Amino acid sequence: MWNRQDIKARGKAAFKANYWKSVGVSFLLSLLAGGVTASARSNIPSEDSAEQSLEEASGLMPEITPAIILIFVSSMLLVIIVSMALRIFLFNPLKVGCYQFFKKNLQSPDAPLDAITEGFSQYGRTFLTLFLSDLYVALWCLLLLIPGLVKAYSYRLVPYLLKDEPDLSPNEVITMSRQLMNGHKWEAFVYDLSFLGWMLLGLLTLGLVNIFWTQPYKNNADAALYYAIRNSQ
(Lines give C-alpha, C1' and ligand atoms only; values in the text may rest on other atoms or scores of the structure.)
Protein backbone atom coordinates (compact mmCIF):
# COMPACT_ATOMS: atom_id res chain seq x y z
CA MET A 1 0.00 0.00 0.00
CA TRP A 2 1.27 3.44 -0.89
CA ASN A 3 2.08 6.04 1.72
CA ARG A 4 0.51 9.51 1.52
CA GLN A 5 3.60 11.29 2.83
CA ASP A 6 5.84 9.58 0.27
CA ILE A 7 3.47 10.48 -2.57
CA LYS A 8 3.44 14.14 -1.56
CA ALA A 9 7.21 14.20 -1.13
CA ARG A 10 7.71 12.83 -4.66
CA GLY A 11 5.25 15.35 -6.06
CA LYS A 12 6.89 18.25 -4.26
CA ALA A 13 10.34 17.25 -5.49
CA ALA A 14 9.13 17.03 -9.12
CA PHE A 15 7.38 20.38 -8.76
CA LYS A 16 10.44 22.15 -7.39
CA ALA A 17 12.66 20.62 -10.11
CA ASN A 18 10.48 22.16 -12.85
CA TYR A 19 8.77 25.02 -11.06
CA TRP A 20 7.64 27.48 -13.72
CA LYS A 21 6.50 24.91 -16.26
CA SER A 22 4.51 23.15 -13.52
CA VAL A 23 2.88 26.45 -12.57
CA GLY A 24 2.00 27.24 -16.19
CA VAL A 25 0.51 23.83 -16.98
CA SER A 26 -1.41 23.79 -13.68
CA PHE A 27 -2.84 27.21 -14.45
CA LEU A 28 -3.98 25.95 -17.86
CA LEU A 29 -5.52 22.88 -16.21
CA SER A 30 -7.41 25.11 -13.75
CA LEU A 31 -8.76 27.17 -16.63
CA LEU A 32 -9.89 24.01 -18.41
CA ALA A 33 -11.63 22.75 -15.27
CA GLY A 34 -13.44 25.96 -14.37
CA GLY A 35 -13.30 28.33 -17.31
CA VAL A 36 -16.45 27.21 -19.09
CA THR A 37 -18.49 27.04 -15.90
CA ALA A 38 -17.36 30.50 -14.87
CA SER A 39 -18.13 31.84 -18.32
CA ALA A 40 -21.62 30.39 -18.29
CA ARG A 41 -22.31 31.69 -14.79
CA SER A 42 -21.08 35.16 -15.71
CA ASN A 43 -24.01 35.42 -18.12
CA ILE A 44 -26.51 34.75 -15.31
CA PRO A 45 -27.11 37.80 -13.09
CA SER A 46 -27.32 37.41 -9.33
CA GLU A 47 -30.72 37.57 -7.66
CA ASP A 48 -30.13 41.02 -6.13
CA SER A 49 -28.76 42.55 -9.32
CA ALA A 50 -31.59 41.01 -11.33
CA GLU A 51 -34.23 42.48 -9.02
CA GLN A 52 -32.55 45.90 -9.13
CA SER A 53 -32.33 45.82 -12.90
CA LEU A 54 -36.00 44.88 -13.18
CA GLU A 55 -37.00 47.72 -10.91
CA GLU A 56 -34.91 50.26 -12.83
CA ALA A 57 -36.12 49.05 -16.19
CA SER A 58 -39.74 48.42 -15.30
CA GLY A 59 -40.87 51.47 -17.19
CA LEU A 60 -38.68 50.75 -20.21
CA MET A 61 -39.04 46.99 -20.58
CA PRO A 62 -41.15 45.91 -23.52
CA GLU A 63 -43.99 43.51 -22.97
CA ILE A 64 -42.74 39.95 -22.55
CA THR A 65 -44.03 37.89 -25.42
CA PRO A 66 -43.63 34.21 -26.32
CA ALA A 67 -41.11 35.28 -28.98
CA ILE A 68 -38.91 37.01 -26.37
CA ILE A 69 -39.12 33.97 -24.08
CA LEU A 70 -38.15 31.73 -27.01
CA ILE A 71 -35.14 33.92 -27.84
CA PHE A 72 -34.00 33.89 -24.20
CA VAL A 73 -34.34 30.11 -23.84
CA SER A 74 -32.60 29.55 -27.19
CA SER A 75 -29.71 31.79 -26.14
CA MET A 76 -29.25 29.90 -22.87
CA LEU A 77 -29.34 26.56 -24.70
CA LEU A 78 -26.74 27.85 -27.17
CA VAL A 79 -24.41 28.85 -24.32
CA ILE A 80 -24.79 25.40 -22.74
CA ILE A 81 -24.21 23.59 -26.04
CA VAL A 82 -21.12 25.65 -26.90
CA SER A 83 -19.73 25.11 -23.38
CA MET A 84 -20.26 21.35 -23.62
CA ALA A 85 -18.74 21.22 -27.11
CA LEU A 86 -15.63 23.08 -25.94
CA ARG A 87 -15.24 20.72 -23.00
CA ILE A 88 -15.71 17.56 -25.06
CA PHE A 89 -13.75 18.43 -28.20
CA LEU A 90 -11.02 20.79 -26.91
CA PHE A 91 -10.67 20.92 -23.15
CA ASN A 92 -10.71 17.16 -22.49
CA PRO A 93 -7.81 16.38 -24.90
CA LEU A 94 -5.86 19.29 -23.44
CA LYS A 95 -6.52 17.91 -19.94
CA VAL A 96 -5.06 14.55 -20.98
CA GLY A 97 -2.01 16.39 -22.33
CA CYS A 98 -1.57 18.28 -19.05
CA TYR A 99 -1.70 15.03 -17.10
CA GLN A 100 0.85 13.59 -19.52
CA PHE A 101 3.17 16.51 -18.74
CA PHE A 102 2.99 15.81 -14.99
CA LYS A 103 3.64 12.11 -15.56
CA LYS A 104 6.76 12.95 -17.55
CA ASN A 105 7.83 15.58 -15.06
CA LEU A 106 7.68 13.02 -12.28
CA GLN A 107 9.91 10.60 -14.19
CA SER A 108 12.54 13.10 -15.32
CA PRO A 109 13.22 16.76 -14.50
CA ASP A 110 12.39 19.53 -16.97
CA ALA A 111 9.61 17.75 -18.84
CA PRO A 112 8.86 19.48 -22.20
CA LEU A 113 5.80 21.68 -22.51
CA ASP A 114 4.85 20.09 -25.82
CA ALA A 115 3.59 17.10 -23.79
CA ILE A 116 0.31 18.99 -23.38
CA THR A 117 -0.47 18.42 -27.07
CA GLU A 118 -0.28 14.63 -26.74
CA GLY A 119 -3.95 14.43 -25.82
CA PHE A 120 -4.77 15.16 -29.45
CA SER A 121 -3.08 11.98 -30.69
CA GLN A 122 -5.67 9.20 -31.05
CA TYR A 123 -8.13 12.08 -30.83
CA GLY A 124 -11.30 10.07 -31.42
CA ARG A 125 -10.39 7.55 -28.71
CA THR A 126 -9.52 10.32 -26.23
CA PHE A 127 -12.74 12.18 -26.98
CA LEU A 128 -14.93 9.09 -26.62
CA THR A 129 -13.24 7.78 -23.46
CA LEU A 130 -13.55 11.01 -21.51
CA PHE A 131 -17.05 11.63 -22.85
CA LEU A 132 -18.16 8.21 -21.59
CA SER A 133 -16.49 8.59 -18.18
CA ASP A 134 -18.09 12.03 -17.71
CA LEU A 135 -21.44 10.61 -18.80
CA TYR A 136 -21.24 7.67 -16.40
CA VAL A 137 -20.38 9.98 -13.48
CA ALA A 138 -23.24 12.33 -14.41
CA LEU A 139 -25.71 9.44 -14.55
CA TRP A 140 -24.59 8.20 -11.13
CA CYS A 141 -24.95 11.74 -9.76
CA LEU A 142 -28.57 11.70 -10.90
CA LEU A 143 -29.15 8.98 -8.32
CA LEU A 144 -27.39 10.60 -5.37
CA LEU A 145 -24.33 12.77 -4.77
CA ILE A 146 -22.41 10.09 -2.88
CA PRO A 147 -22.61 7.40 -5.63
CA GLY A 148 -21.52 10.04 -8.14
CA LEU A 149 -18.54 10.98 -5.98
CA VAL A 150 -17.57 7.31 -5.60
CA LYS A 151 -17.69 6.82 -9.37
CA ALA A 152 -15.62 9.96 -9.92
CA TYR A 153 -12.90 8.37 -7.79
CA SER A 154 -13.32 5.07 -9.64
CA TYR A 155 -12.62 6.82 -12.95
CA ARG A 156 -9.89 9.07 -11.57
CA LEU A 157 -7.09 7.30 -13.46
CA VAL A 158 -8.74 7.41 -16.90
CA PRO A 159 -6.80 10.46 -18.23
CA TYR A 160 -3.50 8.86 -17.17
CA LEU A 161 -4.27 5.40 -18.56
CA LEU A 162 -5.28 6.74 -21.98
CA LYS A 163 -1.67 7.25 -23.03
CA ASP A 164 -0.19 4.28 -21.15
CA GLU A 165 -2.68 1.80 -22.61
CA PRO A 166 -3.09 2.88 -26.25
CA ASP A 167 -4.49 -0.49 -27.36
CA LEU A 168 -7.44 -0.53 -24.96
CA SER A 169 -10.90 0.56 -26.06
CA PRO A 170 -12.62 3.45 -24.24
CA ASN A 171 -14.71 1.17 -22.04
CA GLU A 172 -11.68 -1.03 -21.31
CA VAL A 173 -9.75 2.04 -20.11
CA ILE A 174 -12.66 3.01 -17.86
CA THR A 175 -12.92 -0.55 -16.52
CA MET A 176 -9.18 -0.69 -15.86
CA SER A 177 -9.34 2.57 -13.88
CA ARG A 178 -12.22 1.20 -11.82
CA GLN A 179 -10.32 -2.01 -11.11
CA LEU A 180 -7.11 -0.20 -10.19
CA MET A 181 -8.99 2.11 -7.81
CA ASN A 182 -10.62 -0.78 -5.93
CA GLY A 183 -9.35 -0.53 -2.37
CA HIS A 184 -7.80 2.91 -2.98
CA LYS A 185 -10.78 5.26 -3.20
CA TRP A 186 -10.97 6.11 0.51
CA GLU A 187 -7.21 6.60 0.78
CA ALA A 188 -7.30 8.83 -2.32
CA PHE A 189 -10.12 10.86 -0.72
CA VAL A 190 -8.08 11.34 2.46
CA TYR A 191 -5.07 12.27 0.31
CA ASP A 192 -7.14 14.99 -1.39
CA LEU A 193 -8.31 16.27 1.99
CA SER A 194 -4.69 16.63 3.10
CA PHE A 195 -4.39 19.61 0.71
CA LEU A 196 -7.39 21.39 2.25
CA GLY A 197 -5.24 23.67 4.41
CA TRP A 198 -3.28 24.86 1.40
CA MET A 199 -6.50 25.47 -0.53
CA LEU A 200 -7.95 27.54 2.31
CA LEU A 201 -4.74 29.55 2.41
CA GLY A 202 -5.19 30.08 -1.32
CA LEU A 203 -8.62 31.61 -0.68
CA LEU A 204 -7.12 34.00 1.85
CA THR A 205 -4.53 35.13 -0.71
CA LEU A 206 -7.06 35.60 -3.54
CA GLY A 207 -5.89 32.42 -5.24
CA LEU A 208 -2.19 33.32 -5.44
CA VAL A 209 -1.04 30.42 -3.25
CA ASN A 210 -3.16 28.03 -5.31
CA ILE A 211 -1.65 29.26 -8.59
CA PHE A 212 1.99 29.38 -7.51
CA TRP A 213 2.10 26.48 -5.07
CA THR A 214 -0.89 24.32 -4.20
CA GLN A 215 -2.18 23.30 -7.64
CA PRO A 216 1.20 22.57 -9.31
CA TYR A 217 2.33 20.75 -6.17
CA LYS A 218 -0.85 18.65 -6.10
CA ASN A 219 -0.85 17.93 -9.84
CA ASN A 220 2.68 16.52 -9.62
CA ALA A 221 1.69 14.55 -6.51
CA ASP A 222 -1.40 13.24 -8.34
CA ALA A 223 0.89 11.80 -11.02
CA ALA A 224 2.93 10.15 -8.26
CA LEU A 225 -0.31 8.74 -6.83
CA TYR A 226 -1.19 7.27 -10.24
CA TYR A 227 2.13 5.44 -10.47
CA ALA A 228 1.87 4.25 -6.85
CA ILE A 229 -1.60 2.77 -7.40
CA ARG A 230 -0.57 1.29 -10.74
CA ASN A 231 2.51 -0.37 -9.26
CA SER A 232 0.67 -1.65 -6.19
CA GLN A 233 -1.35 -4.15 -8.21
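One residue stands out among those in region 69-104 that are among the polar types (S, T, N, Q) and at pLDDT 80 or above: the one that is nearest to the chain's Cα centre (by Cα), which is ASN92.
Out of all the residues in region 98-126, which are hydrophobic (A, V, I, L, M, F, W, C), crowded, with 19+ Cβ neighbours inside 10 Å and in a helix (DSSP H, G or I)? Spell out the reasoning first.
Pass one, region 98-126, residues hydrophobic (A, V, I, L, M, F, W, C): 98, 101-102, 106, 111, 113, 115-116, 120.
From what is left, the residues that are crowded, with 19+ Cβ neighbours inside 10 Å are 98, 101-102, 106, 111, 115-116.
If the condition is that a residue be hydrophobic (A, V, I, L, M, F, W, C), crowded, with 19+ Cβ neighbours inside 10 Å and in a helix (DSSP H, G or I), then CYS98, PHE101, PHE102, LEU106, ALA115, ILE116 are the ones that fit.
Which of the residues spanning region 188-228 are surrounded by 18 or more Cβ atoms within 10 Å (Cβ to Cβ) and acidic (Asp, Glu)? Listed by number, the list holds a single entry, ASP222.
For region 197-218, the condition of being among the aliphatic types (A, V, I, L, M) and closer than 27 Å to THR117 by Cβ holds for at least one residue. Listed by first and then second residue, the pairs with beta-carbon distance under 9 Å, at least 6 apart or on different chains, first residue in region 4-25 and more than 16 Å from ASN210 (Cβ to Cβ), second of a type in the set (Asp, Glu) and modelled with pLDDT of 95 or more, are ARG4/GLU187; ILE7/ASP222.
Report yes if LEU86 is in contact (Cβ under 8 Å) with a residue 40 or more places away in the chain and either under 17 Å from ALA14 (Cα atoms) or surrounded by fewer than 21 Cβ atoms within 10 Å (Cβ to Cβ) (or both), otherwise no. Spell out how you get there, then give the answer.
Working: in contact (Cβ under 8 Å) with a residue 40 or more places away in the chain: yes; either under 17 Å from ALA14 (Cα atoms) or surrounded by fewer than 21 Cβ atoms within 10 Å (Cβ to Cβ) (or both): yes.
So LEU86 passes the test.
The values are calculated or read from the model by the stated rules, or taken from the named source; none is laboratory data. Since the model is a prediction, treat every value here as computed from it, not as a measurement. Counting neighbours? That spans all protein chains shown, and the Cβs are built from the backbone with ideal geometry, glycine included.
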